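Below is one structure; the comments refer to it alone.
The values are calculated or read from the model by the stated rules, or taken from the named source; none is laboratory data. Since we're looking at a predicted model, the values are computed, not measured. No Cβ is skipped: glycine too gets one built from the backbone with ideal geometry, and neighbour counts run over all protein chains shown.
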Amino acid sequence: MVEQVELRFDHASQASETHTNLSAIRQSATGLWVAGDETATFEHLTWTDGHFGAQRTFRLADHVDLPAGPRDEADIEGLARADGHLWLIGSHSLKRKRVKSKDPEKAADRLATVVREENRFILARVPLDPANGTPAAGAVLAGGQSLTEHLREDRHLAPFLALPGKDNGFDVEGIAVVSEHVYVGLRGPVLRGWAVVLELRLDEAGKGRLRLREPYRKHFLDLDGLGVRDLCPDGDSLLLLTGPTMDLDGPVRVVRWRLGQKRRGIVPADELETVMELPYGVGCDHPEGLTLLRDGRLMVVYDSPSPARITPAGGVLADVFTL
């Protein structure tokens, strides 16, 4: 069964199109944390009068040092909440320019242009005030210590670091924290049908920095050719939002991975449970973020929402599913 609930945004967020580019969501004790992938901010929404609103916007640069400064987008693709902290992760992906001209030469030139935006290559942990949930100064894994720098010699992933995310290159799309273990879901690469989830542990390095504790672990999941688009904890399991790694609409599924069953690095299909198939549109309504609500239901937000999801008050409709 599916219901819909409105997430209502202020005029500034509507102008920056955050509400139509939602990429990450996580429930908190006071409401919802959400983020879009076109800014360097994250937002908090509170339940009020039958919808989530009363938006508070936080600039990521006010809480951690960003490699490219406060204005460049961070392409936040995942949020996690654990032990009094909010975690945020960028896509860590390169970007190939879109075709914007009907002129063949100009179009070919844009398709040959790949750009790197440094703010995408961050993993941040921000403490939340226990009294009111307000974020404080945090720490970040970035620059010369970024996640991709630690993967330069990885025998599976290194060849994909030079490829744009939408070309089956390295592309982070979700994060979940269970105890001290940080799980990072990759939209790409998908290796002969096997998706990749990284398992990390991080320590404080001082001066607002995090340090990756070696070794990291890789898990290869048989998701029938799909990549990971988001993930969230559910008891001793992770719920994975899975979808195409390339520029396709679907299929999109929610899959349960029971962590206690995991073999060393390899997770075959018989250890994964398809919880539900999610709806998606043609060129719109792409499921992009999910969070487990306190009542056990699952909320899903969509990138490129269809006009039917946009509300007169400047909000967007999320779906809430009963598992």
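Residue pairs whose Cβ atoms lie under 6 Å apart, sitting 6 or more positions apart in sequence or on different chains, and linking a residue in the range 16-35 that is farther than 21 Å from SER306 by Cβ and β-branched (Val, Ile, Thr) to a partner that is buried (at least 23 other Cβ atoms within 10 Å of the Cβ) and modelled with pLDDT under 95, do not occur here. Would you tally the residues in the range 276-296 being outside any strand (DSSP E or B) and either under 21 Å from VAL228 (Cβ atoms) or among the hydroxyl-bearing types (Ser, Thr, Tyr) (or both)? Total satisfying the criteria: 6. Taken as a whole, the range 104-120 holds at least one residue that is outside any loop (DSSP other than H, G, I, E, B), in contact (Cβ under 8 Å) with a residue 40 or more places away in the chain, over 25 Å from GLY289 (Cα atoms) and not aromatic (Phe, Trp, Tyr). Starting from residues that are hydrophobic (A, V, I, L, M, F, W, C) and assigned to a loop (DSSP other than H, G, I, E, B), keep the ones in the range 297-323 and report whichever is farthest from THR46 (Cα to Cα). Restricting to residues being hydrophobic (A, V, I, L, M, F, W, C) and assigned to a loop (DSSP other than H, G, I, E, B), the top hit is LEU323. The number of residues in the range 90-147 that are among the hydroxyl-bearing types (Ser, Thr, Tyr) and in contact with a Gly (Cβ under 7 Å, 6 or more places away or on another chain) comes to 2.
Return a yes/no flag: does the range 30-39 have any residue that is surrounded by 14 or more Cβ atoms within 10 Å (Cβ to Cβ), of a type in the set (Ser, Thr, Tyr), modelled with pLDDT of 90 or more and out of contact with any Gly (no Cβ under 8 Å at 6 or more places or on another chain).
no
Each residue in the range 221-241 was checked for being closer than 12 Å to LEU272 by Cα and part of a strand (DSSP E or B), and 6 pass.
For the range 42-65, the criterion of being on the phi > 0 side of the Ramachandran plot and touching a residue at least 60 places away in the same chain (Cβ under 8 Å) is satisfied by no residue at all. Filter the range 172-198 down to residues that are small (Gly, Ala, Ser) and not in a strand (DSSP E or B) and give me whichever is surrounded by the fewest Cβ atoms within 10 Å (Cβ to Cβ). Result: SER179.
The condition of being in contact with a His (Cβ under 9 Å, 6 or more places away or on another chain), within 18 Å of GLU73 (Cβ to Cβ) and surrounded by 21 or more Cβ atoms within 10 Å (Cβ to Cβ) holds for ILE122. Only one of the numbered conditions (1) of a type in the set (S, T, N, Q); (2) within 29 Å of LEU238 (Cα to Cα); (3) surrounded by fewer than 14 Cβ atoms within 10 Å (Cβ to Cβ) is violated by THR113, and that is (2). In this entry, ASP75 passes the filter for residues that are surrounded by 16 or more Cβ atoms within 10 Å (Cβ to Cβ), in contact with a Lys or Arg (Cβ under 9 Å, 6 or more places away or on another chain) and at positive phi.
Go through the range 151-171 and give me each residue that's among the charged types (D, E, K, R) and part of a loop (DSSP other than H, G, I, E, B). Outline the logic, then answer.
Going residue by residue through the range 151-171, those that are among the charged types (D, E, K, R) are 152-155, 166-167, 171.
Within the range 151-171, ARG152, GLU153, ASP154, ARG155 meet the criteria.
Taking every residue in the range 296-323 that is within 14 Å of VAL34 (Cβ to Cβ) and in contact (Cβ under 8 Å) with a residue 24 or more places away in the chain and pairing it with any residue that is part of a loop (DSSP other than H, G, I, E, B) and not hydroxyl-bearing (Ser, Thr, Tyr), at least 6 positions away or on another chain, the pairs with Cβ-Cβ distances below 7 Å are MET299/LEU293; VAL300/LEU278; TYR302/ASP285; PRO305/CYS284; PRO305/ASP285; GLY315/PHE9; VAL316/PRO305. Among the residues of the range 48-64, those that are modelled with pLDDT under 95 and part of a loop (DSSP other than H, G, I, E, B) comprise ASP49, GLY50.
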